[in-house]
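The values are calculated or read from the model by the stated rules, or taken from the named source; none is laboratory data. Note that the coordinates shown come from a computational prediction; the quantities given were computed from them, not determined experimentally. Here Cβ is always computed from backbone atoms with ideal geometry, including for glycine, and neighbour counts include all displayed protein chains.
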Amino acid sequence: MAVQRLVDTGTGLLGTSHRQAPVRNLVGRIREGLAELFQIPDGYEVVLGNGGATCFWDVAAFSLIARRSQHLVFGEFSSKFAQEVTKASHLGSPEVIETAPGTHPDPRPSPDVDCYCMTHNETSTGVMMPIERLGTKDQLVLVDATSAAGGIEVDISAADAYYFSPQKAFASEGGLWVAILSPAAQERAKTLCSSERWVPGFFDLAAALDNSRLDQTVNTPSVATLFLLAEQVHWMLDHGGLSWAAGRSRRSAEQVYAWAEAASFASPFVSRPEDRSPVVATVDLDPDVSAAEVSRVLRRNGIVDTDSYRKLGRNQLRLGLFPAVDPEDVRQLTAAITWVVDHLRHDDAN
Ligand SMILES: *Cc1c(COP(=O)(O)O)cnc(C)c1O
């Protein structure tokens, strides 16, 4: 639907300079829409830049972490950010609290850090964690919300930077990062970016903030990505906002986990029900059923990307339950998986 509306814009939008009204209106529509969707408190700002969440880790390393950060590591994405910061020669070695995949660590107040780095939803393992503020006023809470944002409810005032790429719960394309910044995070960025520290232009959050206030980005964005993001944000708003969007994912997730618990050949990977993600469900299969084979059969039949996260190395299916996915389709998917498994087992028996 959103893709058709993009096609309908014809030649009036794609190819337009990002300093001109059509693209600036689009950025404005995204900033206003996200402000409403997340009910951002006074003084918070929606900031956009190119490069996706992976790029924002570097933005944070230069523009938000002053000396030392704490990282909760519980999967591939949270671990990548911690590794990146570990390599940064201008920062102290980070405090890392790690737990096994399928669980999440809790943050610990620490006088030695100036940022707490969390991941709202660890997309590689299907674990979500609660976002709550901790620490003192001059310690920032940075939340990687890629895959969670738009699909899980959140109190934005608990975070100083709630950042994400739009290709997951927002059903857009990649290549963009969005960050919702508190006044304290804006202040930190301005201080660090005008200090002695060398901040590469691409990671200069103060510059991104200045551009966003003018409904622009520092360099040329993908207009299609912006368009699809704006459509998705307003689709959510038109139906009742974040609680509605999150409710759709929750309904899908309830079906998947109930199905996995009932199925003889499957079980939810994440053992604590409160840690189970409503947007990315991970389901372990019994050793006598090959998850890779099930995924291959599904893919041949047009159901794509049910594979587990490679590096996790488990006999597992991983299902995206983002708000754009109709919960009825998810019900059919679980029925399809049961059918495929029954037939694979039957073939094996013969
Ligand atoms: C997908 C993902 C990323 C990486 O996003 P890119 O847009 O590829 O940079 C980072 N963190 C989490 C939690 C993700 O799910």
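So which of 43, 28 ends up being more than 21 Å from residue 190 (Cβ to Cβ) and either crowded, with 16+ Cβ neighbours inside 10 Å or at pLDDT 95 or above (or both)?
One residue alone meets the criteria, 28.
Which condition breaks for residue 347 when tested against (1) surrounded by 15 or more Cβ atoms within 10 Å (Cβ to Cβ); (2) at pLDDT below 95?
Status for residue 347: all satisfied but (1).
Filter the range 1-52 down to the residues that are under 19 Å from the mean Cα position of the chain (by Cα) and outside any helix (DSSP H, G or I) and list them by number.
38, 39, 40, 45, 46, 47, 48, 49, 50, 51
Taking residue 144, is it of a type in the set (D, E, K, R), over 19 Å from the mean Cα position of the chain (by Cα) and under 24 Å from residue 208 (Cα atoms)?
no
In the range 273-306, what residues are touching a Gly at 6+ places or on another chain (Cβ under 9 Å) and modelled with pLDDT of 95 or more?
Those that are touching a Gly at 6+ places or on another chain (Cβ under 9 Å) and modelled with pLDDT of 95 or more: 275, 276, 277, 278, 279, 280, 281, 282, 283.
Hey, which of the helices (runs of 4 or more DSSP H) in the range 143-239, taking only ones fully inside, have at least 1 residues that are within 16 Å of the ligand (Cβ to nearest atom) and within 24 Å of residue 19 (Cβ to Cβ)?
Counting at least 1 such residues, we get 205-213, 223-238.
Going by the structure shown, is residue 246 over 23 Å from residue 7 (Cα atoms) and buried (at least 20 other Cβ atoms within 10 Å of the Cβ)?
Here the answer is yes, as residue 246 does meet what is asked.
Does residue 221 qualify as being at pLDDT below 95 and surrounded by 18 or more Cβ atoms within 10 Å (Cβ to Cβ)?
Judged against the criteria, residue 221 is a match.
Residue 137 passes all but one of (1) at pLDDT below 95; (2) over 26 Å from residue 199 (Cα atoms); which number fails?
Of (1) at pLDDT below 95; (2) over 26 Å from residue 199 (Cα atoms), only one is false for residue 137: (2).
Here is a yes/no grid of residues against (1) within 11 Å of the ligand (Cβ to nearest atom); (2) touching a residue at least 40 places away in the same chain (Cβ under 8 Å):
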{"position": "46", "(1), (2)": "no, yes"}
{"position": "61", "(1), (2)": "no, yes"}
{"position": "83", "(1), (2)": "no, no"}
{"position": "94", "(1), (2)": "no, no"}
{"position": "118", "(1), (2)": "yes, yes"}
{"position": "122", "(1), (2)": "yes, yes"}
{"position": "136", "(1), (2)": "no, no"}
